[in-house]
Amino acid sequence: MSTDDTPEKSGEPHGPEGPKEPKPSEGAQEPKPKPKPSGEEPPAGNGGAGEPEPGPQAEEGAGPGPEAGSVPQSEDAPAAVPLTGRQRLVNGLWPPRLTRAQLTVAVLLCVLGLGLAIQVRSTSDNSALRGARQEDLVRILDELDNRTKRLEDEKRRLDNQRSELESSSNQAAEARKQTEQKEEQLGVLAGTVAAQGPGIELTVSDTKGAVEADKLLDTIQELRAAGAEAIQINDVRVVADTYFSGSAGKVEIDGKKVSQPYKFKVIGKPQDLEPALNIPGGVVQTLEKEQAAVSVSRSEKIIVDALRPAKRPDYARSSSQ
């Protein structure tokens, strides 16, 4: 038998790749490597085109290479500049990172601030008197007391009139009597009838012509607030529609020029009128600051005889007609 017919060993199984390829004989030539294109240069560090490239660890003792994906830092690269405290604070605050809890707290704080603002604004309406002087507060308190007394007297008088009307046997006559009294009172207020009674006399001597018209108007307002019922300046009757005009030294009342000294005749309660003019910071001190001489005197009988013509309204009529 020939050597080619030698049976294979039964104990050697064939692998999945099939039978092994025969080894080349010693005299066979090795396959030549394919030539590379002329445009490509061999990598640096190779001795020749046929020399194999060194592996990842070509030399023994070399340290571990750079990690994959990392960028090697050159020796000339600048070092990272550390952030300042302000920069770290800005980076922490912006852009804002709000959570639901922080948003809820912010809404509650806004509602609380709005409530406090409304409360402060509502309580600051009465703050005008906080910065007032003590003299002004005393004057305001006196005016309120006097006004309260006058209103109480008016209420008492009206109650008496009602009682008289209810208890009178002849109610028509009593009503006529009260109507005449009311007409006389309205005539005094309108300046169509003369009046007399207790009151004060106020004289303002303005020799330097420094008293303005608004100072005289303030005096009238102060007297009315103190309970003046009839007022006359020189020969002009002061009523509800009286107006002041002109400049210092050339004051006009209702278009009529009046000269100094300005003499006020005022009917009312002297115990209320005089203190109202002499309180600290009141009319007397204000006029004296304008270098005017002011004198106030009480009298049990003041006559106000300057009259104004009764004007019939053109369009208004009594609703009882």
**OP:** Compute the distance in nm between two label points, each set 7 Å from the Cα along the Cα-to-Cβ direction, one at residue 84 and one at residue 140.
**Re:** 5.3
Original post:
Using a basic spin-label model with each label point 7 Å from the Cα along Cα→Cβ, how many nm lie between residue 133 and residue 293?
Top reply: 2.5
**OP:** Search the structure for amide H atoms under 5 Å from the amide H of residue 302, placed 1.01 Å from N in the peptide plane, and list their residues when 5 or more places away or on another chain.
**Re:** 197, 199
**OP:** Distance check, please: which entries in 149/257; 177/256; 250/311; 155/263; 250/289 exceed 30 angstrom between their Cα atoms?
**Re:** 149/257; 177/256; 155/263
**OP:** Express in nm, to one decimal, how much length is gained between residue 162 and residue 100 on full extension, taking 0.36 nm for each residue of separation and deducting their alpha carbon distance.
**Re:** 15.2 nm
**OP:** Taking all pairs of distinct Cα atoms, average 1/r, flip it, and tell me the Kirkwood hydrodynamic radius of region 187-269 in Å to one decimal place.
**Re:** 13.0
Subject >> Burial order of peptide ranges 301-309, 202-210 (average beta-carbon count within 10 Å, highest first) >> reply: 202-210, 301-309
**OP:** Putting +1 on Lys and Arg Cβ atoms and -1 on Asp and Glu Cβ atoms, find which of 259, 294, 316 reaches farthest to the positive end of the dipole of region 255-321.
**Re:** 316
Subject >> Long-range HN-HN contacts of residue 191 with modeled amide H, under 5 Å >> reply: none
Original post:
For residue 286 and residue 203 in the same chain, what is the full-extension length gain: residue separation times 0.36 nm, less their Cα-Cα distance, in nm?
Top reply: 28.5 nm
Original post:
Beyond 24 Å, what percent of the Cα pairs of region 207-321 remain?
Top reply: 30
Subject >> Separation of the residue 111 and residue 314 label points, Cα + 7 Å toward Cβ, nm >> reply: 6.1
Original post:
Net charge near residue 197, counting Lys/Arg +1 and Asp/Glu -1 over other residues with Cβ under 14 Å of its Cβ?
Top reply: -2
Subject >> 5 angstrom amide H check on residue 246, placed H, neighbours 5+ away >> reply: 252
Original post:
Taking R0 as 22 Å, what's the FRET efficiency between residue 252 and residue 194 from their Cβ-Cβ distance, rounded to 0.05?
Top reply: 0.40
Original post:
For region 258-321, what does the equivalent ellipsoid look like in terms of its semi-axes, each the square root of 5 times an eigenvalue of the Cα gyration tensor, given largest first in whole Å?
Top reply: 34, 16, 14
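Quick note: the coordinates plus some simple rules give every number you see, no bench work behind them. Everything numeric in this text was worked out from a predicted model, so none of it was measured. Don't worry about glycine lacking a Cβ; one is built from the backbone with ideal geometry, like all the others, and counts go over all protein chains shown.
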